[in-house]
Amino acid sequence: MPAWRRFQRLLLGGVFISSGWMAAPGLAADRLMIRVGPLTQTIEIEDLEQYAETGVAPPRLKMYEPLLTPQVRQALHNHLAIDPEVSDRVINDILQSPNGEQLLDTLTRIAPEMTVEQIQTAIRLAASQTEGLSLLSILRSIPEDTLEIDLTAAIALASQLNLSRLESQALGSVLEHELSVEAEGEFEAAFSPSEPGPEIVRKQEMIFRDRKRDRDIPVDIYWSKRTNGPLVLFSHGFGADRRFLTYLSRHLASYGLTVASIEHPGSNLASLSELSLDPRASRQPSRILPATEFLDRPKDVSFVLDSLAKLNSHSYPLRGKFKTNRAVLIGHSLGGYTGLALAGAKLDIRNLEDFCNDILPVGLSPADWLQCAAVDLPDQIVDLRDPRIVQVAAMNPIIGELFGDAGLSQINIPTLMLASTHDAVTPTIDQQLRPFTQLMLPKYLIAVIGGTHLSVGDPANLNPALDEIPFMPELRGEVTANLRQFLQGVILSFVKQQTSEAATYAPFLTATYAQSFSTPDLPLRFSTDLPGSITSWLRLVESWSNQHSTPLKLMTSLLHLEVIVVRRRLNVMQNQMLAYLRMSYPSLIVVNPMNLFRQNGHLVSHRSGHPAK
């Protein structure tokens, strides 16, 4: 397995260490001593190893069999094979970051007999072993005969994790129904923008040299003989490359659009492998994502636009192919951040350091960890806007605290945002839904119910190792086929809004078109705004964020989401009842109770002003 894959697996598995200890409380060197209040019980670690291998609880674990779920066995059995050259650097990055310090603090509360130094040493030693990093290898690396575990503290933390998962599931159910529209029959149109276009697609690979920043930027160019519409730019996410959305690049080019898919050398696949070979790494550990990448990525796009403008005048085969003065940027994950920064949202990290110092390991997502790399930037407010970007589509973007209090309200161009409710990397609430409410019109939201972080990617260009990470499993290609077909149609229609064909493609920027591609496994929703029920829920969650503990905040959020679900069910029942009355008693004037008010002691209809019957 290449070094970068192992590196990426541990990067995205940073939370795995914490979630694993919480999922399987009660592990230790040779034996565990579990403490619940004044009661203690000893467990042999070899019994846990036997259970992890066979799935059968040995006799001494029979009394714990109800707790030995498949999830616990998976947490015990899973190994992350890490290149030793890479492991030291990654472990140092995790443990020396603010998030790593809080993780260590959490583990010392669960295992009060261990020191921080012992935990650090155990993790480093386990990561260097040939069998790889696992819960059991960490425990075997602890230099104690017996490790005492505070089960009460572990259960409390595990319950917070479960509440977070329940919140995501509840949010998916609410979005699925609140954003749903009633369609009369199947969606019909004169043509299908999701089908391949008539043009023959050509491709050329280029590398643009930015001498000022000492940076080589690879770019794949897709074009056809008859060019029309704006230039389309693609920006990939962290640890990906310019081929992540190849199917979309080719589809747009088949309709005559010129596409430039950019690769960012400071945060692509190759940069992860190069990082492990950096001789400075052992002397001065730094974050895996350099802080400067938050500046360099938007600058990469602007530099490519400058370079393509020159090609537009001097390259014989590509002359006239690049309309660089009107460009649409499509970004995924960190590429979504890149597009939003270019669209006008100012990078504002004045509150980021406080956020990064206060976040708890339990609620930590990879997006939280990655954005915290920006605290090392010398300037706290940076304007990276490029006026040549006239539209932006941000799919599963990393936003969080990167744009400060003003957020996305500074963007004044059409913006499309995609959110996946089961995205464990860039969670929907903080990274997409709350920022979406700040956007000015026109704006569009795609909600992929049950979708994951990489659901939009090209299956032929996804890292297969990501399927092996237990806390953030990705959907397989066949499950997401309809989503990709829908994106071909909706992204094309979005880009076409910059052309004379805008009205022709407008019907495909609708909820009915999105729902026509829905499947039971992956319902799709489309909206230009969030309903009041969801915006009020977001305000409630935000108001509780700084006042209450994580479990209390999550519980309040869950209860509010459940209220939305119950209210919707009552409305459905009420509408069904009214429809029945109208059908059964045509002469009876039936008024919706929601449209009544009292006047002089009588119920009066809002619409007629007459007493209700």
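A few notes on this one:
- Residues located in region 173-194, provided they are in a loop (DSSP other than H, G, I, E, B), of a type outside the set (S, T, N, Q) and in contact (Cβ under 8 Å) with a residue 40 or more places away in the chain: LEU179, VAL181, ALA183, GLU186, PHE187, ALA189, PRO193
- For the residues SER518, SER455, SER493, the requirement of being out of contact with any strand residue (DSSP E or B) (no Cβ under 7 Å at 6 or more places or on another chain) and not aliphatic (A, V, I, L, M) singles out SER493.
- For first residues located in region 503-514 and assigned to a helix (DSSP H, G or I), partners that are among the aromatic types (Phe, Trp, Tyr) and lie 6+ apart or on another chain with Cβ distances below 6 Å form the pairs ALA511/PHE526; THR512/PHE187; TYR513/PHE187; ALA514/PHE526.
- Some residue of region 426-436 being touching a helix residue (DSSP H, G or I) at 6+ places or on another chain (Cβ under 6 Å), among the polar types (S, T, N, Q) and crowded, with 24+ Cβ neighbours inside 10 Å: yes
- Exactly one residue among LEU475, LEU509, LEU462 is modelled with pLDDT of 90 or more and within 28 Å of VAL328 (Cβ to Cβ), and that residue is LEU509.
- The single condition from (1) small (Gly, Ala, Ser); (2) at pLDDT below 95; (3) farther than 16 Å from SER235 by Cα that ALA345 fails is (2).
- For region 370-399, a residue qualifies if it is crowded, with 24+ Cβ neighbours inside 10 Å and in a loop (DSSP other than H, G, I, E, B), and the qualifying residues are ASN396, PRO397, ILE398, ILE399.
- Where a residue in region 331-345 is more than 19 Å from PRO427 (Cα to Cα) and its partner, wherever it lies, is among the polar types (S, T, N, Q) and buried (at least 24 other Cβ atoms within 10 Å of the Cβ), with Cβ under 8 Å and at least six apart: ALA343/THR415
- Considering the conditions (1) farther than 19 Å from GLN410 by Cβ; (2) in a helix (DSSP H, G or I); (3) among the charged types (D, E, K, R), LYS323 is excluded by exactly one of them, (2).
- Meets criteria (in contact with a strand residue (DSSP E or B) (Cβ under 8 Å, 6 or more places away or on another chain) and free of Cβ contacts under 8 Å to residues at least 60 places away in the same chain) for LEU308: no
- Scanning region 373-416 for residues that are at positive phi and in contact with a His (Cβ under 7 Å, 6 or more places away or on another chain) gives a single hit, ASN396.
- Screening HIS453 against (1) modelled with pLDDT under 90; (2) under 25 Å from ILE349 (Cα atoms) leaves a single unmet condition, (1).
- Scanning region 470-504 for residues that are of a type outside the set (S, T, N, Q), within 17 Å of PRO196 (Cα to Cα) and surrounded by 21 or more Cβ atoms within 10 Å (Cβ to Cβ) yields LEU483, PHE486, LEU487, GLY489, VAL490, ILE491, LEU492, PHE494, VAL495, LYS496.
- Count - residues of region 405-456 that are closer than 25 Å to LEU475 by Cα, of a type in the set (Ser, Thr, Tyr) and part of a helix (DSSP H, G or I): 1
The values are calculated or read from the model by the stated rules, or taken from the named source; none is laboratory data. No experiment lies behind these values; they were computed from the predicted model shown. Neighbour counts run over all protein chains shown; Cβ positions are idealised from the backbone, glycine included.
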